[in-house]
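No value in this document is a laboratory result; all are computed from the given coordinates. Here the structure is a predicted model, which means the values were calculated and not measured. For neighbour counting, all protein chains shown are included, and Cβ atoms are generated from backbone atoms with ideal geometry for every residue, glycine included.
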């Protein structure tokens, strides 16, 4: 609308945040994500571009991360630690190979803090300004990496991300290529957060998880 992106949400109070990064929590989150994706895949609206920067690996700017006027002027923005940049380079290279995959609309900030439950029953999904137009496996992979995040964003344990991906595929099994894309995408939101931790001198929560898990996730991604 006049060059602006406009969205509307209805605030629905109540419900509880499901705190946990175990396999059971991962499976419940994945099954809800699958149900939500069955709705969003049917929407035929123009793509809400650009995608949120934490899933915008397909940008056309310099470097691995998309341009950000605030982050890019921080001290150290042009001299990030080499191991983090190398991980981002490998993950992004694999994700860009998926450019020909069919895209769909999906929730791109699938974190525990944005979901509310009554026990194990889903109650409401918040944060609908964080939608993206990406291949399904990329959306699912990003969710598999981020699902456990609450106040402080991090990267879910490797086994829990695997449980998320397995549960999501109960309705539709991914091809080997799609599964590789999902694993590559599972790193990207955490890479975004790890970079921000460095630039803003925050505790290295996401950074530590990324450095600990990157090689295993990149191996699964054939990256």
- Query: According to the square roots a ≥ b ≥ c of the eigenvalues of the Cα gyration tensor, what is the shape class of the range 59-101, taking rounded for a/c under 1.5, prolate for a/b larger than b/c otherwise, and oblate for the remainder?
  - Reply: oblate
- Note on the structure: Across 126, 45, 118, the residue with the highest GNM fluctuation in the chain (Cα network, 10 Å cutoff) is 45
- Item | For the range 165-210, average projected area of the Cα convex hull in nm² | 3.7 nm²
- Report, in deg cm²/dmol and to the nearest 500, the calculated mean residue ellipticity at 222 nm for the chain, where each DSSP H run with n ≥ 4 adds -39500 (n - 2.57) and the sum is divided by the residue count. -14000 deg cm²/dmol
- Message: Could you order the peptides 170-182, 73-85, 23-35 from most to least packed, using the average number of other C-beta atoms within 10 Å per residue?
- Response: 23-35, 170-182, 73-85
- By how many nm would the segment from residue 118 to residue 19 grow when fully extended, if each residue of separation counts as 0.36 nm and the alpha-carbon distance is taken off? 34.4 nm
- Query: If you find the alpha carbon centre of the range 69-124 and of the range 154-223, how far apart are they in angstrom?
  - Reply: 9 Å
- Task: Report the residue, chosen from 72, 58, 129, that carries the largest GNM mean-square fluctuation when the chain is represented by alpha-carbon nodes joined by springs under 10 Å.
- Result: 72
- Item | By average C-beta atoms within 10 angstrom, highest first, the peptides 10-16, 216-222 | 216-222, 10-16
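On full extension of the chain, what length is gained from residue 208 through residue 78, given 0.36 nm per residue of separation minus the C-alpha to C-alpha distance?
Values: separation 130, 0.36 × 130 = 46.80 nm, distance 2.03 nm.
Roughly 44.8 nm would be gained on extension.
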